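One structure below.
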Amino acid sequence: MIVAEQKPLEEVRRMIAPYQRVLILGCGTCMTVCNAGGEREVSFLHSALKVAQLKSPNGTHTFSEYTVKRQCDPEFLELLVDKVADIDAVLSLGCGIGVQAVAERFPDMPVLPGVNTSFLGMTSEWGVWDERCAACGDCRLDDTGGICPITRCTKGILNGPCAGSKNGKCEANKDMDCAWILIYKRLERLGQLEKMRRYYPPRNFRTIPRPKRLMSKANTDLGENDG
Amino acid sequence: MANSLFEEKLDSGKFLVTTEIGPPKGTDISEMVHYIDLLKDKVDVINVTDHQSSVMRFPSLGGCLLIKERGGEPMLQVTCRDRNRLAIQADLLLAYQRGITNVLCLTGDSIDVGDHKEAKPVFDLDSVQLLRVIRTMESGMDIGGNELKGAPKFCIGASVHPEADFIEPQLIKFEKKVAAGAQFFQTQSIFNLDSLRRFMQYASQFNVKILAGIILLASARMAQFMNDNVPGIMVPQPTINELASVEKGKGLQKGIEIAAGLIKTIKEENLCHGVHIMAIGKEGIVPDILAAAGLVGVQP
């Protein structure tokens, strides 16, 4: 899933300062799971903004709140047509994709990001998420025992460890495991160390050029997305 | 014909002594020039570090040009941290064209340990790929598959960490570097000669020259600092204790003694093909280390 964290309240207040009627818009998918922008966080932020406004006025605001199933899906954004009719700005607690999808759907409406989108990751324990995928478009997890060196090695290198790890930890962060030591141990366990002995050439950053677009095979086969 | 004077020496069988200079942060090169003049006739090659510890400095290529101008033998250090494959290949073309033909290929320290922590880490290549990039360029092509008008020729090497606390993956990478064309290795700092002996037992099966990295420790505090902050350095506790045992102000003398002692044993026992002395900010002390190790007058 996509993992994000809410922006500091002061930053949110600076962004909304020019707008009177603000819709705080949550997202019911990734942002709900990572506790950054689901229904609960929308409600908390709503209260926090109201309290902050009482303590130190920063323009006059009225807030409304709503959470859609997925902000990145145009289908669900249709439900917003009525909600945005009488507001001045949307404060989106969707990820960066959600913010842009809402902005594209409502071109006359300012859409403000309420979270910082951080990475693609998984839940490691309650309240802790770890990055696991760089969305590089060229998955080699077969070669590395299911551990991604692009994401988990701070240098993203492909041919084995640098010389910087101590006690199995990364030179850049003593709390972080060295990805290449994890990869070595896992390949050893699988009896596949020969995969680490192979040479891997420089990455192809053109695998899918930025901004990337992916068309489902069904669509391309049927020619539905031509032009 | 050899691609460099250093390559000739690599094949000569003599005990090699190399050292390195960290360029200045700024445009005042007077101290670096002083060190170049002091060292150029005492060692077989002078490396110039490439933003060592990710601290922005005068570039390695600039330092190597100075060494060349002053009649020394330079070693260009190239890390993959700051330049993508275009910039690295371009630097190599310039280096070769100006007579700088020894290259040490390194991954590069993490941006996070340096003084520009918010910079974008590049790592478009890694050290193994960099070695292969150079061999490709030597064949007359860039790695985009385009023909070069004039191909370079280099003597290339890399680094290895014989004292890594988890050695197996390091050895796999070492072998990949050998297969990629590395002719010599300047190792990470050695403190324990038993680990060097073990490493050489293994490494002697490969046709490459190994130069043991020797670091000058100026005090117990510096040793501890390096353990905590410098990637790839693990000063063992007995060495730290030894440095701490001397009276105040005598730490550097002790450090010279330790470094010289290691060099002397390595040479006497013929443990490997030479040493690479890293004085880290105290380049002016290198002649004292050489003298204490009994290497004066035999160089180059």
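Taken together, the values in this text are just the output of simple stated rules run on the coordinates, not laboratory data. For clarity, every value in this text was computed on a predicted model and none was experimentally measured. Cβ atoms come from the backbone with ideal geometry, glycine included; neighbour counts cover every protein chain shown.
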request  = With a/c under 1.5 counting as rounded, go ahead and sort the protein assembly as shown into rounded, prolate or oblate using the C-alpha gyration tensor (a ≥ b ≥ c being the square roots of the eigenvalues; past the cut-off, prolate if a/b is larger than b/c, else oblate).
outcome  = prolate
Residue-averaged 222 nm ellipticity for chain B, from DSSP H runs of 4+ at -39500 (n - 2.57), nearest 500 = -12000 deg cm²/dmol
ask   = Got the relative contact order for region B:54-194 handy, in percent, Cα pairs under 8 Å and 6 or more residues apart?
value = 23
ask   = Which residues in region A:126-147 have a backbone N closer than 18 Å to a point placed 7 Å from the Cα of residue B:120 along the Cα-to-Cβ line?
value = A:134-137
ask   = Which residues in region A:1-19 place their backbone N less than 20 Å from a point set 7 Å from the Cα of residue B:112 along the Cα-to-Cβ direction?
value = A:3-5
ask   = Going by alpha carbons, how many degrees (0 to 90, nearest 10) lie between the helix axis of A:96-105 and the longest principal axis of chain A?
value = 50
remark   = Any lysines whose Cα falls less than 22 Å from that of residue B:14, other than same-chain ones fewer than 8 residues away, would be B:40, B:42, B:209, B:264, B:267
query = Once you charge only the Cβ atoms, +1 for Lys and Arg and -1 for Asp and Glu, what is the size of the charge dipole of the protein assembly as shown about its Cα centre, to the nearest 20 debye?
reply = 520
remark   = Once the in-chain neighbours fewer than 8 apart are removed, the lysines whose Cα is under 26 Å from residue A:155 read A:166, A:169, A:174, A:185, A:195, A:212, B:25, B:117, B:120, B:173, B:176, B:177
key: Residues A:30, B:64, sorted so that the one with the fewest Cβ neighbours within 10 Å comes first   = A:30, B:64
key: HN-Hα J in Hz across region B:8-15 - Karplus 6.51, -1.76, 1.60, θ = phi - 60°, x for Gly and Pro   = 4, 5, 4, 8, 7, x, 6, 6
message = Order these by the 10 Å Cβ neighbour count, fewest first: B:161, A:61, B:34.
response = B:34, A:61, B:161
message = Restricting to Cα pairs below 8 Å that are 6+ residues apart, what does the relative contact order work out to for chain B? Please round to a whole percent.
response = 19
Relative contact order of chain A, pairs being alpha-carbon contacts under 8 Å that are 6 or more residues apart, as % = 17
remark   = Listing A:1, A:31, B:1 by rising number of other beta-carbon atoms within 10 angstrom, fewest first, gives B:1, A:1, A:31
